[in-house]
Amino acid sequence: MSSISVSDLRTISAKAIQALPHPTPIKDGKVTVGFLVPVRGARQMRVRSDNKDWLREMFSRIEEAEAERTPEQQQAIDKLLAERGIE
């Protein structure tokens with residue numbers, strides 16, 4: 001699977017996500033809007049050391065972006081998540 005459409009996100013199972021061999025682009029038409037990253041348990045995770053560095057960097061960037069959110073942006077995210085029943 002080279003990419004997943006935004007609409008496919010509603011139908012893909014957790015098992016299918018964990019089976020992805022690597023982070024997979026999420027596309028809206030031709031535009032990449034995000035990545036779906038399979039997270040496996042420690043026993044399942046067989047990641048090369050360079051991938052571990054990449055993953056560490058990715059999570060660092062996510063944390064940096066989260067820290068830069070304005071209160072209005074965070075409020076909008078919280079509202080969106082609440083509407084979907086996610087806390």
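None of the figures in this text is laboratory data; all of them are computed from the coordinates on show. Note that the coordinates shown come from a computational prediction; the quantities given were computed from them, not determined experimentally. Using ideal geometry, Cβ is built from the backbone for each residue, glycine included, and neighbour counts are taken over all protein chains shown.
Here is how the numbers come out for the structure above:
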{"item": "Cα-based Rg / Dmax (Å) for region 47-87", "result": "14.3, 39"}
{"item": "Rounded to whole Hz, the Karplus (6.51, -1.76, 1.60) HN-Hα couplings of region 2-8, x for glycine and proline", "result": "7, 7, 10, 7, 4, 5, 5"}
{"item": "Among 62-70, 22-30, the order from most to least packed when residues are scored by Cβ within 10 Å on average", "result": "22-30, 62-70"}
{"item": "Built amide H within the under 5 Å cut-off of GLY34, gap 5+", "result": "ILE26"}
